[in-house]
Each structure stands twice: as C-alpha cells, then as structure tokens.
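A short reminder: the numbers here are calculations on the coordinates, not readings from a lab. From a predicted model like this one, the values you see are computed outputs, not experimental measurements. Note that we place each Cβ from the backbone using ideal geometry, even for glycine, and neighbour counts take in every protein chain shown.
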Amino acid sequence: MPSYPAILPHQLPQGSFAPSTPPGLFRHLRYLLVLRAGGDIEHPNLKGFKIRPPVIFKDLGLLVKYGEAPDVTIAEGQCLWAIRHFLPQVPVPEIYGWTQAESFTFLYMEFIDGITLHDGWDTLTPTEKSGVCEQLKTIIAEIHHLRQGPDDQFIGNINRGPLGDMVLTSTTLPCVGPFSSVTGFHDWLSDMVKRPAKVHRPDLDLADIRDPYREMLPDDSPVTFTHADLNPVNIMVSKGSPCRVVAIIDWEQSGWYPAYWEFCKAEYTTELHSEWQTEYLPKVLDEPACVEGSSLQVLLSTNSDYSVGSTSQLVSSLFWTCYKSEREILSELPLGIPALRDPPSQDSYPPPQQITRDLSASEEDSWFFLLSELTLRRITDQVAEIVTKYIDARIRHEQGPRVEHLVPIVAGFQNQVQSFRELLPEAIKFPDVPEPASTEWEHYSRGRYYRVLELMHRPFVFTAIHDPTCSPAIQALAKTGLENGLKYLQHSRTSHRHHGLWLQLRNQVRISSLLLAASTIPHFAMPDGWYDGISRTLTTLAYWSYEFPSCKSYKEVILTLSAHTRLGNMDGGTPMSYSQVSNDSVALI
C-alpha cells in the first residue's frame with residue numbers, strides 16, 4: 001500500500017504566490033482581463049445563479065479565474081497546488097500563482113484543452129461512459145486517500161478556513177466553519193434545520209426544538225478531502241477517442257468534510273432520475289451506509305438555499321397550478337386558443353383575486369397559510385420521493401431498501417410534521433381532534449397534515465397487504481397509516497368546491513382502495529370506522545359524477561371491491577380472493 005502524506009495548513013503557500021514567472025506579469029494580466037471580461041452568465045447547473053466566467057488566453061495556455069469571496073478564494077489555488085504536489089497522478093489544472101487586489105482574488109492556472117463530460121456525454125457509447133467512470137473512480141479514490149495531520153483534525157477548507165460549499169452558504173448566512181469535529185459540524189447542520197421555526201416564534205430556543213434527523217448523522221464518520229461538486233460540468237475529458245479524463249476542475253467548494261459528503265453532494269446536484277445519477281454515478285462513488293433511504297439527502301435539501309434541476313421546479317410549478325382558479329390558469333398558460341383567453345366569469349370558479357393595499361385580518365391569515373403550505377409541501381415532496389422509490393421497486397420486483405430501513409426515516413418525518421403542526425401561527429393552528437374546522441385555512445391545513453402522515457406510512461401498508469406474514473411492528477405501522485388515511489376521509493367535505501378538489505378526490509379513491517385491500521388480510525386489525533370512511537368516499541364520488549365522468553367509473557370500481565370485503569357480500573356476487581382485491585386496489589394507487 002502506498003503511503004499518503006498528511007497535508008498541513010502551514011505547508012501551503014500563503015499570501016500572493018507567483019512561482020517562476022516574470023516580475024509584474026500578474027499585475028499586467030489583472031488589467032488585461034478587465035478589458036477582456038464580459039458580464040455574468042447563468043450557472044450551468046444551478047438555475048437562477050449567476051457566475052463570473054474566467055478569462056482565457058489560449059495562446060499562453062492560461063486561464064484566469066477571478067472574483068470575490070466566497071466564489072473565488074486563494075484556498076482553491078492552494079488546493080490545486082497541494083494536489084499537484086502530493087498527488088501528481090491526479091489530473092487537475094496546474095496553478096501558476098495567485099494574487100489579490102482590494103476585494104478580488106485572481107487565480108492563474110493552466111488552460112485545459114478539452115470538453116466537459118456534460119457537453120460530450122451524449123456522444124459517448126455505453127462502453128466509453130463506463131470507461132470514464134472507471135477513471136473517475138480511481139481518481140477520486142486517490143483524492144480521498146489524502147490525510148490531515150494526526151493532531152489537527154477539523155472540518156473546513158484546505159487552509160483550515162471556512163467551508164465553501166454552496167449548500168452551506170447563502171445570502172443570509174455567514175461563512176461556515178471551520179469546525180473542530182464532525183460532531184460540531186453536525187450540530188450546526190441541525191441548527192439550520194431548526195432555524196425556519198424561529199420565523200414566527202423568535203422567542204424559541206433552538207435547543208428546545210426537536211430535530212428528527214440529528215441522530216441519523218454519523219458523528220464517527222472519518223474526515224476525507226472532498227471535491228464537493230463532482231458534477232459532469234466540472235469533469236474535463238478529451239475531445240477524441242478514446243475518451244480520457246484530462247482534468248477535474250472548479251475546486252472552490254473543496255475541503256475536509258465527513259466521508260459521506262462527496263456522494264451526497266454529487267447526487268444532490270445531479271438532475272433527478274437522470275442516466276448519470278441512476279446508472280453511472282454509483283460506478284464512481286459508493287453510497288455510504290448512512291445515506292440509506294436518503295435521510296441525509298433530505299437534510300441537505302432542507303439546508304439548501306436553492307433547488308437543483310428542472311424536475312423539482314416542475315413539481316413545484318404543477319403543485320401551485322392546482323391551487324389556482326381556472327381563470328388564473330388561462331391568463332398564465334400560453335394555450336393559444338383565443339376563445340379561452342378572456343372567458344366570462346362563471347359560478348363554477350372564483351374570479352381573479354382582488355388585491356387591496358391594506359392587509360385585513362383574513363388576508364394576513366392567507367399569507368400565513370401560504371407559508372405553511374410551502375413548508376408542508378416540501379416535506380410531502382421528500383416523503384413522496386422515498387415512498388415512490390420503494391413501492392416502484394417492489395412492483396417491478398427490483399432490489400431496493402428493506403421496509404425495516406424505512407422505519408427510522410418515517411419516524412423522523414413524523415416528528416418533523418408534528419413539529420410543523422405545533423409551530424403553526426395561532427391564526428391557522430388546528431387541534432389534532434376529529435371536530436369540524438372553524439376556518440377554511442384550518443380545514444385545508446388539517447387535510448394536508450393527515451394526507452402526509454398517511455403517505456409516509458404507505459410502504460408499510462403496501463408490505464402488509466402483499467405479505468400478510470410480515471412482522472407485528474410493520475403491521476402496527478400499517479395500521480397507523482390507515483388510521484391517518486381514515487382521518488383524511490372523515491375530514492374531507494363532500495360538496496365543497498375548491499381549487500384542490502381533484503387532488504382530494506384522487507386521494508380519497510387511493511386511501512379507500514388501500515383500506516379495502518387491507519381488509520382482506522386475515523386477522524389484520526382494521527381501524528374503527530373504516531367502512532364508514534369508504535362510504536363517505538362513495539357519497540363524494542356520487543355527488544361529483546355528473547360533472548366529472550371519471551368519478552362514476554371510480555365509484556363503480558370501489559363498489560365492486562367493497563362488495564367482497566370481510567364485512568360480507570353486499571351485492572350477492574362471488575367473493576374475491578385476497579390477491580384479486582389487493583391487485584385491483586394497487587392499480588388505483
């Protein structure tokens with residue numbers, strides 16, 4: 001085994017650094033690049049973020065990266081120097097030097113003649129893609145072999161300064177770190193999860209707020225040197241064949257992090273469900289055991305000041321579209337149908353919202369409701385992603401996380417949702433008791449609350465339905481999910497028209513189908529009143545069937561299934577087997 005030297009901060013070049021270059025070169029180049037530089041451009045991977053492009057002198061083989069902290073610091077130059085010095089086999093641009101003027105830092109480095117893996121990806125064959133991943137795996141393993149001094153363990157950049165990871169910084173947060181231990185770093189992350197709770201309750205002490213994720217963070221994680229932005233846009237490859245990795249670039253976020261950080265960050269900054277994320281990134285980086293079930297990904301998402309990828313933006317856009325009136329939708333979407341551009345107001349939906357200058361009490365409540373919806377929807381999206389992955393893998397008979405692995409994750413989500421309910425402003429707070437809501441805001445908030453509790457327990461319901469021999473603990477969690485689903489059915493109004501009506505109807509049908517499937521499991525303890533909940537769904541579907549033909553079809557399906565439950569044959573038909581009912585019910589899910 002080769003021995004890897006420790007990198008000590010005092011070994012790094014400090015201040016302005018200019019090895020073997022003509023006197024005054026950096027000073028003259030500083031003025032040249034001001035003339036050559038253009039305006040800021042869109043970040044290639046983060047929508048809504050601007051970056052200052054480097055200035056390239058191809059004839060000199062020189063690239064000048066410049067800007068202000070935290071975007072450009074001498075720590076990136078020190079990182080490139082250390083890798084070239086200690087790991088010459090790792091391909092990175094050679095750093096020629098750096099200098100500072102006022103608030104700007106200038107990094108002078110080798111210009112890499114190649115293309116990014118992002119730009120060349122679609123031109124590669126599967127064999128070439130796998131070959132690139134093998135090269136990257138070797139390169140990253142070499143980088144992770146670097147060690148700190150045995151008496152100087154810390155979390156921070158290479159020079160024992162603040163971390164530069166964009167996930168940990170924002171316009172409202174100061175520089176983060178350094179931390180003297182992994183535990184200190186995790187405690188800081190935990191405080192960031194709690195911070196939003198102080199928006200409406202500034203008197204709260206962070207120590208008094210529960211954080212369900214803190215215990216999931218491994219305080220015993222080793223510390224490794226990490227690139228922290230291993231994305232195809234930062235991987236340079238050769239233009240010709242065979243495809244070679246010629247450099248890893250953009251080290252401004254690098255530093256000493258817990259060992260799991262490289263994988264979490266690489267997966268988080270990649271487009272969701274892309275070929276790179278699902279098939280090829282796992283060939284480069286092994287998933288740490290502590291990331292099982294995406295608990296750390298949830299934590300990263302909670303702390304982030306931005307969202308990555310078009311998928312999350314699409315989910316958000318579709319969600320808020322569902323709660324706009326039809327008239328508002330028609331005014332925003334480019335439908336290209338003149339007859340629908342200015343429809344007359346109808347009784348079936350409200351007119352556009354009237355904005356007044358002075359907020360009344362009800363309008364203040366609506367603002368609180370909007371903020372609570374944003375918070376709860378973010379939790380719901382995280383829950384839905386984990387639930388969908390688990391159930392899809394089971395339906396396709398693919399390998400996925402064991403249902404037992406989801407138990408602590410769901411417990412964390414449940415604590416988070418409970419904290420959300422407890423911290424709601426008084427204007428929209430609701431009690432967790434089955435009584436009529438006093439306001440519309442309370443009605444909607446409580447419905448979303450029951451819905452996310454049901455959703456997070458759905459993997460246990462699915463398992464109990466398809467494996468009646470599962471453990472009593474899983475069956476108990478399945479019953480908890482069904483109880484929350486039943487509360488949702490009991491809480492849903494039959495004839496109330498609102499912008500989320502189609503979502504309510506869909507959820508009622510899904511929950512009723514789950515109840516029917518669960519009722520076929522021998523000796524399974526169904527929640528009290530479950531059949532009345534299904535009857536309420538049938539009443540709601542009947543009410544809307546004249547306006548929405550699909551409601552009539554769903555009503556007939558539920559009637560057919562409900563006629564063959566453990567309560568007896570309602571219509572005199574032949575009793576269905578467990579597998580028939582469960583399969584038909586899952587088809588509705």
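Please list, by residue number, every one of the trypsin sites (Lys or Arg not before Pro) in the stretch 122-190 that is coil in DSSP and has at most 16 other beta-carbon atoms within 10 Å.
Working: sites: Lys129, Lys137, Arg147, Arg160; in loops: Arg160.
Passing both the DSSP loop test and the Cβ count: no residue.
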At Thr539 and Ala411, where each label point lies 7 Å from the Cα along Cα→Cβ, what is the point-to-point distance in nanometres? 3.9 nm
Please give, to one decimal in nm, the separation of the simple spin-label points placed at Thr494 and Leu8, each 7 Å out from Cα toward the Cβ. 8.0 nm
Apply the Karplus curve 6.51 cos²θ - 1.76 cosθ + 1.60, θ = phi - 60°, to the phi angles in the stretch 117-134 and return the couplings in whole Hz, x for Gly and Pro. 4, 4, 6, x, 4, 5, 8, 8, 7, x, 5, 5, 4, 5, x, 4, 5, 4
With no solvent term and unit scatterers on the alpha-carbon positions of the stretch 76-234, Debye gives log₁₀ I(q)/I(0) at q = 0.16 Å⁻¹ of -1.14
PRE reach from Phe57 (point 7 Å along Cα→Cβ): which of the stretch 107-128 fall under 17 Å by backbone N? 107-113
Taking the simple approach of a point 7 Å from Cα along Cα-to-Cβ for both Leu272 and Ser181, what is their distance in nm? 3.6 nm
For Leu559 and His397, what does the FRET efficiency come to when R0 = 22 Å and r is the distance between their Cβ atoms, rounded to the nearest 0.05? 0.10
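Provide Glu128, Glu262 in ascending order of the number of other Cβ atoms located within 10 Å of each residue's Cβ, fewest first.
Numbers: Glu128 16, Glu262 24.
Ascending number of Cβ neighbours within 10 Å: Glu128, Glu262.
Beyond 23 Å between alpha-carbons counts as too far, so tell me which of Lys137/Lys239; Lys129/Lys265; Lys487/Lys555; Lys194/Lys479 fall in that bin.
Numbers: Lys137/Lys239 20 Å; Lys129/Lys265 21 Å; Lys487/Lys555 20 Å; Lys194/Lys479 30 Å.
Those over the limit are Lys194/Lys479.
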Using a cut-off of 9 Å between beta-carbons, work out the net charge of the residues near Gly481 (Lys and Arg +1, Asp and Glu -1, Gly481 not included). 0
Grab the other residues whose beta carbon is less than 13 angstrom from that of Gly255, score K and R as +1, D and E as -1, and report the net. -3
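How high is the FRET efficiency between Ala101 and Glu279 when r is their beta carbon distance and R₀ equals 30 Å, given to the nearest 0.05?
Working: r = 46 Å, r/R0 = 1.52.
FRET efficiency, Ala101 to Glu279: 0.05.
With a Förster radius of 41 Å, plug the Cβ-Cβ distance of Glu426 and Thr388 into 1/(1 + (r/R0)^6) and report the FRET value to the nearest 0.05.
Working: r = 35 Å, r/R0 = 0.85.
Computed FRET efficiency for Glu426 and Thr388: 0.70.
How much net charge surrounds Lys65 when only other residues with a Cβ under 10 Å from its Cβ are counted (Lys, Arg +1; Asp, Glu -1)? Walk me through the numbers before you get to the answer.
On the way: positive: Arg52; negative: Asp71, Glu76, Asp250, Glu252.
Spelling it out: positives minus negatives among the neighbours equals -3.
Which order, highest average first, do 459-472, 111-124, 476-489 follow once you tally other Cβ atoms within 10 Å for each residue and take the mean per peptide?
The packing order, highest mean first, is 476-489, 459-472, 111-124.
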